[in-house]
Amino acid sequence: MMLVPAGQGFVGRERRAIQLPAFYIDRTEVSNDAYREFCRSAGRELPYGEALEVPASFPIIKVSYDDAAAFCTWAGKRLPTDLEWEKAARGADGRPFPWGDQPRFDLVNIPYSNEPHELQPVESNFSGASPYGAINMLGNVWEWVAKPEQLDERDLREIVLDPPAVPGERAYQIRGGSYQQKIDLQQAVWDYAVTPARLKRSDIGFRCAK
């Protein structure tokens, strides 16, 4: 895990100043290999479908918020808050990208056209690391964070779930974008999507904090 020292950070489009105590954040997204070990140890079912076909070194996918939180507890950790995630990505200076001030699509696994990329191992895109050494804070997979949210009308229309998402159901932020979806790189480090806690998707994973 990577230490994020206590002190100031800057969050949001407006770079609002915040103060946070010191915390640790995983250097990488949680891998299939680590999650499979958790399932074996805790007697939990492995994720279905695509998650079983992804190599061990790739991020775990198709996990719900509760799945991610359970793994973190098993590992003696927890999910990061939204403010922790953003400071870990932006550094103490609130930079617009983990790697610096300039947009670089060659440093992040996010499509720059309408064609999706391929999922990459958790140990990838080292040159795009944050100031604290965390990699793939942007791109590869969206990451669950411990920030409850409310689904709005657009969310309810666009999210594909069975049974369908309904107003008032548990929902949380996901952060960072993914290999499947073209997003505005200029706002990816501070923006987020709101997702039902029960949603399991092939481009959502997580990392832990402590």
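A few points about this structure:
- Considering all different alpha carbon pairs of the stretch 69-142, the Kirkwood hydrodynamic radius works out to 13.4 Å.
- Comparing the chain with the 2.2 N^0.38 Å rule of thumb, its C-alpha radius of gyration ratio is 0.96 (two decimals).
- Dividing the summed -39500 (n - 2.57) terms of all DSSP H runs of n ≥ 4 by the residue count of the chain sets its mean residue ellipticity at 222 nm at -5000 deg cm²/dmol.
- Directionally averaged projected area (the stretch 114-209, Cα convex hull): 6.9 nm².
- Taking packing as the residue-averaged number of other Cβ atoms within 10 angstrom, the listed peptides 149-162, 81-94 run from highest to lowest as 81-94, 149-162.
- Sparsely packed chymotrypsin sites (Phe, Trp or Tyr not before Pro) within the stretch 1-73, loop by DSSP, other Cβ within 10 Å at most 15: Tyr48
Throughout, read-outs are computed from the coordinates displayed, never taken from laboratory work. Because the structure is a prediction, the values reported are computed rather than measured. In this analysis, Cβ positions are derived from the backbone assuming ideal geometry, glycine residues included, and neighbour counts consider all displayed protein chains.
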